[in-house]
Amino acid sequence: MLSKEEFQHLKKLARISLSDKEEEDFFENFCCVLKSINVLQEIDTSGVEPSSHAIPNMTMPLREDIPQRLLSQQEFLQEAPETFACFIKVPPIMDHQDN
């Protein structure tokens, strides 16, 4: 079972902000998930082969790999909404803050 202190620590690590009601509900649900995992860990799977898919021998349809004409760097950059020198300019994804 997960203690409230451990839950608070996990919440802090994940940087999750919850209201009191959300925290109570989330804690209960999280404990249920952990109990389910514990039940699964008790099952003897020593004779079970690992699998990558629930349906055996299922293959993904793949398109034929046909080489096509590549765009030149100039043609490629002309398609970009914004460029800087010979690069595609994109918006920042993270704030750079000194902590």
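Laboratory data are not the source of any read-out in this text; all were calculated from the coordinates shown. It should be emphasised that the depicted structure is a prediction, and the values quoted were computed from it without experimental measurement. Heads up, the Cβs are rebuilt from the backbone with ideal geometry, glycines too, and the neighbour counts pull from every protein chain shown.
Once both labels are positioned 7 Å from their Cα atoms along Cα-to-Cβ, the gap between Leu62 and Phe87 label points is 3.4 nm. Given the alternatives (i) 3, 14, 27, 29, 20, 8, 1; (ii) 2, 13, 24, 26, 19, 10, 4, 1, 0; (iii) 2, 8, 9, 8, 8, 7, 10, 11, 12, 11, 10, 4, 0, P(r) over Cα pairs in 5 Å bins from 0, in percent as computed for this entry is given by (iii). Check cross-link reach from Lys12 to the aspartates and glutamates: straight Cα distance under 18 Å, and skip same-chain residues fewer than eight apart. Cα-Cα hits under 18 Å: Asp20, Glu22, Glu23, Glu24, Asp25, Glu28.
What's the longest uninterrupted piece of the chain once you rule out the trypsin sites (Lys or Arg not before Pro) that are loop residues per DSSP with at most 16 other Cβ within 10 Å?
Values: sites that count: Arg15, Arg63, Arg69, Lys89.
The segment 16-62 is the longest one with no such site.
Give, in nm to one decimal, the length gained when the segment between Asp44 and Leu13 is fully stretched (0.36 nm per residue of separation minus the Cα-Cα distance).
On the way: separation 31, 0.36 × 31 = 11.16 nm, distance 3.28 nm.
Net length gain for the segment: 7.9 nm.
Taking the longest Cα principal axis of the chain as reference, the axis of helix 20-41 is set at about 80 degrees. Each residue of region 71-82 was assigned a 3J(HN,Hα) from its phi angle through the Karplus expression (A = 6.51, B = -1.76, C = 1.60, θ = phi - 60°), giving 6, 6, 4, 5, 4, 5, 5, 5, 7, 6, x, 8 Hz with x at Gly and Pro.
On alpha-carbon atoms, Rg over Rh for region 1-51 using Kirkwood Rh?
Looking at region 1-51, the ratio lands at 1.16.
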